[in-house]
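A.B. asks: Here it is, the structure, as structure tokens.
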Amino acid sequence: MTDINLLASEEKKVGKFLTWVLSYGRYIIIGTEIIVLLAFLSRFKLDRELTDLHQSIADKQAIILAASDLENQVRNLQNHLIIIKKLDQQRGYPPKLLTSFETMIPTDVTLTEITINDKNIKLTAVALSNEGFRTFLNNLAASEYFSDISLDDVTKNTEGAGVNFSVSATLKST
């Protein structure tokens, strides 16, 4: 009788597996343990850096908080300076106009009303002669301060000699 051993080939497979596990497997396990130990040890370094970073942020927040009042004061001052600059520019324009009127108005023309806003000017005046009326309109047209001059109303003066008139014009930006 002949014996056939069917387990022998399985023993060879189990033996090869055990040989591989005992030789190469231990290197894999040692390598894995080294990686785990390095991760564990690097955790201490990373925790220290995180603590330092939080402390640095807290210090910088304290500095910013201490300087916030000064920053608010500076911003308010800048806003006030912008407003003052705008007001100064708007305030500077009418004196130029009024100074130019001094040279534009003939002696026989009298201004009765003047309205100046940002872009327009409206005048009501009385001219005692046609020559003064014509000279005044020519002076307005030749002025560097006005454009789009419009003669709105012309009537004969009921109280005496002369002409009542209204003029509107657009102010040129200088």
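A.B. asks: When only residues in segment 149-174 that are loosely packed, with under 12 Cβ neighbours inside 10 Å and outside any strand (DSSP E or B) count, which is modelled with the lowest pLDDT?
C.D. replies: Only one residue fits best here, namely Thr174.
A.B. asks: Return a yes/no flag: does segment 62-80 have any residue that is open to solvent by less than 90 Å² (accessible area, probe 1.4 Å), assigned to a helix (DSSP H, G or I), among the β-branched types (Val, Ile, Thr) and at pLDDT 85 or above.
C.D. replies: yes
A.B. asks: Which members of segment 109-136 meet the condition of being open to solvent by less than 50 Å² (accessible area, probe 1.4 Å) and over 11 Å from Ala169 (Cα atoms)?
C.D. replies: Val109, Thr124, Ala125, Val126, Ala127, Ser129, Gly132, Phe133, Thr135, Phe136
A.B. asks: Separate question: May I ask you to list the residues in segment 107-148 that are more than 13 Å from Phe165 (Cα to Cα), assigned to a strand (DSSP E or B) and either out of contact with any Lys or Arg (no Cβ under 9 Å at 6 or more places or on another chain) or β-branched (Val, Ile, Thr) (or both)?
C.D. replies: Residues satisfying the conditions are Thr115, Ile116, Asn120, Ile121, Asp148.
A.B. asks: Among the residues of segment 24-44, which ones are within 60 Å of the chain's Cα centre (by Cα) and of a type in the set (Ser, Thr, Tyr)?
C.D. replies: Thr32, Ser42
The values are calculated or read from the model by the stated rules, or taken from the named source; none is laboratory data. If you're wondering where the values come from, they're calculated on a predicted model, not measured in any experiment. Because the Cβ atoms are built from the backbone with ideal geometry, glycine has one as well, and the counts that use them run over all protein chains shown. We work out accessible area using only protein heavy atoms, side chains counted, and drop any ligands, DNA or RNA first. Shrake-Rupley method; radii C 1.70, N 1.55, O 1.52, S 1.80 Å.
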